[in-house]
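Quick note: the coordinates plus some simple rules give every number you see, no bench work behind them. In this text, all values refer to a predicted model and were calculated from it rather than measured experimentally. Backbone-built Cβ (ideal geometry, glycine too); neighbour counts: all protein chains shown.
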Amino acid sequence: MSYVLAFVLLLGASYGLHAQDACQVVLDSMNKMNATPRHSYFTMTFTGRPPVESEAIFDGSNSYMKTGQKWSRLPLTPEQLQKQTEESQKRTRHTCSFVRDETINDEPVALYSFNTESATSHSEGRVWISKRSGLPLQQETNITSSAAPSFMRARHEYANVKAPPIS
């Protein structure tokens with residue numbers, strides 16, 4: 001379970017971008033995502049292992065992660081995730097750029113690329129941000145860190161988010 005918690009922290013923290021140029025749009029989007037209930041679907045690839053499929057639900061009060069067929073409540077509140085993100089913003093160098101306009105499921109999005117560097121990790125990737133809501137709908141990240149997947153693909157949904165059944 002420790003790699004899952006590290007991944008969730010990385011998901012919030014890796015997008016703590018300095019407010020400059022295109023990074024302001026990405027920063028605003030990620031901060032808005034941290035404050036919005038969502039159901040996220042992930043494919044994570046760790047070096048030398050097959051891909052791992054997972055899901056996370058942030059219902060506005062609690063965080064949940066699905067590993068295999070089992071849901072678990074994470075000891076991480078949305079407020080704690082936001083605090084982690086803000087702390088990361090201070091310790092990480094970032095660059096971002098607008099790539100192009102696209103559509104995802106008939107929704108207009110802006111595609112941005114990003115690159116982050118800290119003392120312990122480096123990541124680069126892309127994020128698709130809804131032009132209607134300002135929320136990220138998809139992201140792909142290549143990560144260089146011992147505590148995180150080497151590649152992560154995420155899809156985020158914001159409608160009808162409910163806490164999962166905990167077994």
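Summarising the label geometry, the points placed 7 Å from Cα in the beta-carbon direction at THR45 and SER113 lie 1.8 nm from one another.
Applying 1/(1 + (r/R0)^6) with R0 = 25 Å to the Cβ-Cβ distance of SER150 and GLU102 gives a FRET efficiency near 0.50. Modelled label positions at ALA159 and ARG93, each set 7 Å beyond Cα in the direction of Cβ, lie 4.3 nm from each other. Subtracting the Cα-Cα distance of THR120 and ASP28 from 0.36 nm times their residue separation leaves 30.7 nm of extension gain. In this structure, the pairs whose alpha-carbon distance is over 25 Å, taken from LYS66/LYS131; LYS66/LYS162; LYS32/LYS70, are LYS66/LYS131; LYS32/LYS70.
Site pair ASN62 and GLU140 shows an inter-label distance of 3.5 nm when each label is modelled 7 Å from Cα along Cα→Cβ.
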